[in-house]
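A short worksheet on the structure shown next.
The values are calculated or read from the model by the stated rules, or taken from the named source; none is laboratory data. For clarity, every value in this text was computed on a predicted model and none was experimentally measured. Here the Cβ positions follow ideal geometry from the backbone for every residue, glycine too, while neighbour counts run over all protein chains shown. When the accessible area is computed, the model is the full protein with side chains, heavy atoms only, and any ligands, DNA or RNA have been set aside. Shrake-Rupley method; radii C 1.70, N 1.55, O 1.52, S 1.80 Å.
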Amino acid sequence: MLILAIETSCDDTSAAVVEDGVNVLSGVVSSQVEVHAKYGGVVPELACRKHIENLGPVVQMALNEAGVKLEGLDALAATVGPGLVGALLVGLNTAKSMSYALRLPLIGVNHLESHILSILLEKPDVPFPYVALVVSGGHTNLYLAEAPCRYELLGRTRDDAAGEAFDKVAKMLGLGYPGGPVIDRMAGEGNPEAVDFPRPYISPDTLDFSFSGLKTAVFYFLRDKAPALLASDGLTDKQSHQVGEGTGAAVKAEDVAAAFQKSAVEVLVAKTVQAAESRGVSTVVTAGGVAANSALRKELSDAGEAAGLQVYHPSPALCTD
């Protein structure tokens, strides 16, 4: 069974050929980072236009890489949501047209379900049920995956997604877009104890998340205690500025990144372990773009080992859309 899969839920134009549901013969991703970087985030209209330009060549490259012709396909698949409506329409309508012309079945795929199951492409023996932490620029959700197609939402963000908070903090520091990888890299060079940012747990009886307050706390710290670090002062990811006199300590951009990341990761890890223990499952899976964050991977693995949980992380290439 050969399936050509198309994914255009946000700003990556992607296509892959998958054999028998687990063997990825090809995977081609065209990034739009350079298009959106100057705006500090994804511009939906620009994303749609780039998908229209890129999708044809990306599909052809995926077929060539897999050594498959259109006539050799058994089915088509495309993301139907959630995501940017216009971006989704580009991929879905392309897949519909191909399905009609080739007389092949079309499979609509849920974006979040794909993240939840992505680990199975590398580790098909991961046992159900498991708790899945889906954490990205648009989502921060906890699911109980009982079996394929059977999921229970345990918790979700009430405001900003974790990845969105990473991007916005990076923008405050003038680090560019996407901010997550830069924050992760800079945090490794900073002191996470330099600033005591809040841990947004909400309350002990909920598995929901909230990152807007943490993001705001970073802004107020920079405004009141470290104005030299704000993006308006021209900071780049290759520069650091010391806080001026009267702030009580010298704090670098690397320290702010490390302290912010520590706070966000602590909450993500604590809620995920709490979810697994509350449902009596022994397996945890991460998914989504932020699942590539090195601190989250390490801290969740360590916390899982201490709690007797088996934690699985997809390769970074399978964390993105």
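Here are the numbers for this structure:
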quantity: Selection from the range 155-183 of residues that are touching an Asp or Glu at 6+ places or on another chain (Cβ under 9 Å), farther than 19 Å from Gly81 by Cα and either open to solvent by 30 Å² or more (accessible area, probe 1.4 Å) or part of a loop (DSSP other than H, G, I, E, B) (or both); calculated: Arg158, Lys168, Leu173, Gly174, Leu175, Gly176, Tyr177, Pro178
quantity: Residues within the range 263-319 that are open to solvent by 60 Å² or more (accessible area, probe 1.4 Å), within 14 Å of Ile119 (Cβ to Cβ) and touching a helix residue (DSSP H, G or I) at 6+ places or on another chain (Cβ under 8 Å), tallied; calculated: 2
quantity: Flag for Phe197 being assigned to a loop (DSSP other than H, G, I, E, B), modelled with pLDDT of 95 or more, within 19 Å of Val269 (Cβ to Cβ) and aromatic (Phe, Trp, Tyr); calculated: yes
quantity: Single condition Val17 does not satisfy, out of (1) closer than 29 Å to Val126 by Cα; (2) of a type outside the set (D, E, K, R); (3) in contact with a Lys or Arg (Cβ under 8 Å, 6 or more places away or on another chain); calculated: (3)
quantity: The range 19-51, residues that are crowded, with 19+ Cβ neighbours inside 10 Å and free of Cβ contacts under 8 Å to residues at least 40 places away in the same chain; calculated: Val28, Gln32, Lys50
quantity: For Ala62: the one exception among (1) open to solvent by 30 Å² or more (accessible area, probe 1.4 Å); (2) touching a Ser or Thr at 6+ places or on another chain (Cβ under 8 Å); calculated: (1)
